[in-house]
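Values in this text are rule-based calculations from the coordinates and carry no lab data. These numbers come from a predicted model, not from an experiment. With ideal geometry, Cβ positions are generated from the backbone for all residues, glycine too; neighbour counts draw on all protein chains shown.
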Amino acid sequence: MYIILITQAAAMLARDRIVVGVCEGSMLVKKQYSNLIEPIKQRMKNVEDYIKSVKPELVLQVQPIVDPYGPSIVDDNLEAIIVSKETYPGGVSVNKKRGERDLSQLKIEVVDLVPEESTGDKLSSTALRRIEAEKRRNTSIDPKSCM
């Protein structure tokens, strides 16, 4: 859900080109329920398919990232970065790194995460994986043991 919100905002704001970094490797190690994260190729394909469905005319660059910055600190053609309120400090950090490399500052666009209906908590990818883990746990209970 998080990547969909960020990607949706980016697709709506982008005029010609969009660059999307998809986390892999060490970026996922500490994620809760990381065993439920789809393989990188599938997640990248999901992003590509989504953007093509929303704004097919965009030049699309989807790439795996293994650090918090990805292409944002080396691509001198970028104009903006999309973040959530929770990841805003990361956007500021990107601009700091860009400044150190004499690249232009990115406009930081902030999007809100959608609240989860039953709790009102922000609906993050971790929350979605937790829900999936609970579903799997509930369906794996042997019905005979409940009798």
| message | Out of all Cα-Cα pairs in segment 45-89, roughly what percent, to the nearest whole number, are more than 12 Å apart? | response | 73 percent
| field | Links that overshoot a 23 Å alpha carbon limit, given the list K55/K107; K55/K135; K31/K85 | value | K55/K135
| message | Classify segment 6-96 from the C-alpha gyration tensor, please: rounded if a/c falls under 1.5, else prolate or oblate depending on whether a/b exceeds b/c. | response | oblate
| field | Sorted peptide list for 53-65, 74-86, criterion being average Cβ within 10 angstrom, highest first | value | 74-86, 53-65
| Rounded to the nearest 0.05, what FRET efficiency is calculated for N138 and I37 with R0 set to 22 Å and r the Cβ-Cβ distance? | 0.60
